[in-house]
Amino acid sequence: MRLYPEQLPQHLQGGLSPCYFVYGDEPLLKMEALDLLRRTARAQGFDERHRFDADEGLDWDALFDASQALSLFSRRQIIELALPDKLDKTASDRLRELLRQCHPDLLLLISGPRLNQQQQKSAWFKALAETGPTVAVLSPNPRQLVRLLEQRLRDAGLRAEPDALHWLAHAFEGNLLAAAGEIEKLALLALPQPLTLATLQQQVQPHHHFNPFQLLDPLLQGKVRRACRILLQLRQEGIEAGMLCHLLARELATLDSLQAHLQAGQPFHQAAAALHVWSSRQPLLQAALGRLPAAKLAALGTLLAAADAALADFDDDAAWRWLYALCIGFLNDQPPTILP
């Protein structure tokens with residue numbers, strides 16, 4: 001069973017499962033999901049808790065001993081296990097062995113990072129999904145963030161006018177943890193309701209945050225203004241231009257390959273599968289190819305090559321300027337007029 005954080009309270013009304021796997025890249029929602037599971041377990045007599053990290057130094061025998069040991073103070077216990085970005089074969093085998101040890105007096109709370117499609121097809125992930133619910137905790141997109149912040153304001157006894165709510169979402173995009181802290185502060189100020197845009201701009205310091213992967217989708221969607229804002233914020237946050245060049249090169253190479261397959265008469269979904277494109281991203285790439293003809297992709301590749309050349313000459317400022325030109329180059333189906 002796959003759950004999302006907002007579905008977890010209703011699920012728990014039917015009782016605890018023997019194992020939960022909470023994974024994803026949104027730290028606040030992940031922390032809150034794990035805290036809810038811990039509180040629910042404590043209310044049902046799970047008073048003892050052990051925590052382990054599944055890194056290279058983990059003593060799996062100690063973990064198994066803890067899961068099977070009887071305590072003088074508690075009959076029921078929680079074993080928490082944090083997974084790394086990648087599991088080697090030993091960790092995968094031992095994890096599946098641990099899942100076979102589940103019993104009513106043992107609750108396994110397993111957490112992990114965001115997983116790619118290949119990881120979700122692995123034997124250890126399938127074993128986790130068969131043992132208990134998997135809870136996917138992903139960073140909300142802008143529309144979801146507006147709804148999420150509206151609910152959090154309501155829970156804190158606050159209301160905001162529509163333009164104020166959208167400004168708040170813009171100010172804290174990618175940083176829900178900071179947004180939650182600001183909402184708690186606003187609740188203590190006893191401000192007039194509903195909150196206006198002017199009030200929020202006076203009381204709140206914006207603190208948005210992006211990761212490099214968030215640059216790709218707006219470019220593919222042609223949302224150039226948003227992509228440029230993300231690019232400038234990434235530079236301000238200290239992200240290296242070389243990392244962005246690598247990500248963009250991989251994305252443009254995928255688009256070039258898909259286009260070559262299509263020109264050869266191959267159906268899109270067949271070409272995407274051959275290139276191991278995630279099914280969830282296929283509609284986005286297919287739509288992007290509809291407005292990015294071969295000449296356009298070639299020109300974008302030229303801009304990216306200019307950014308790479310600037311990095312090779314240790315001219316970081318020039319590299320960022322070419323990356324900005326590259327973002328603007330996604331604006332429409334015409335090749336950019338500014339080329340090196």
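Between the amide H of I239 and any residue lying 5 or more places away or on another chain, no distance stays under 5 Å, with hydrogens modeled in the peptide plane. Using a 10 Å Cβ count of at most 16 others and DSSP loop calls, identify the longest part of the chain lacking such GluC sites (Glu not before Pro). Maximal segment without exposed cleavage sites: 57-236.
Normalised by 2.2 N^0.38 Å, with N the number of residues, the alpha-carbon radius of gyration of the chain equals 1.18. Legend: calculated FRET efficiency, D25 to T337, from the Cβ-Cβ distance at R0 = 30 Å, rounded to 0.05, equals 0.20. Only the Cβ atoms of Lys and Arg (+1) and of Asp and Glu (-1) were treated as charged; on that basis the dipole of the chain about its Cα centre amounts to roughly 1040 debye. Could you point to the residue in A274, F213, T196 farthest towards the positive end of the range 195-340's charge dipole, with +1 and -1 charges on the Cβ of Lys/Arg and Asp/Glu respectively? Comparing the listed Cα positions along the dipole, T196 ranks first. Of the chymotrypsin sites (Phe, Trp or Tyr not before Pro) found in the range 255-340, those that fall in a DSSP loop while having at most 12 other beta-carbon atoms within 10 Å are F314. Under 5 Å from the amide H of R159 lie the amide H atoms of L195, each residue being 5 or more positions distant or on a separate chain, with H modelled from the backbone and absent for Pro and chain starts.
Along each principal axis, taking the top coordinate minus the bottom one, the Cα set of the range 15-165 gives 56, 39, 26 Å in descending order.
For the range 248-259, the Karplus equation 6.51 cos²θ - 1.76 cosθ + 1.60, evaluated at θ = phi - 60°, returns couplings of 5, 4, 5, 5, 5, 5, 5, 5, 4, 5, 4, 5 Hz by residue, with Gly and Pro reported as x. Excluding the site residues themselves, the longest part of the chain lacking any trypsin sites (Lys or Arg not before Pro) in a DSSP loop with at most 13 other Cβ atoms within 10 Å is 160-340. If R0 is 51 Å, the Cβ-Cβ spacing of R321 and F64 corresponds to a FRET efficiency of close to 0.35. Overall, the range 197-286 carries a charge dipole of about 240 debye about its Cα centre when +1 sits on the Cβ of Lys and Arg and -1 on the Cβ of Asp and Glu, all other atoms neutral. Ignoring ligands, DNA and RNA, please state the percent of accessible area on the range 226-323 from carbon and sulfur, probe 1.4 Å. The nonpolar share, carbon plus sulfur, comes to 58 percent.
Give me the 1.4 Å probe accessible area per residue for the range 123-176, excluding ligands and nucleic acids, in Å². Provide the component values of the computation, followed by the final result.
Working: 2560 Å² over 54 residues.
That works out to 47 Å² for each residue.
The values are calculated or read from the model by the stated rules, or taken from the named source; none is laboratory data. From a predicted model like this one, the values you see are computed outputs, not experimental measurements. Virtual Cβ from ideal backbone geometry, glycine too; neighbours counted across all protein chains shown. These area figures cover heavy atoms from the full protein model, side chains too; ligands, DNA and RNA do not enter into them. Shrake-Rupley method; radii C 1.70, N 1.55, O 1.52, S 1.80 Å.
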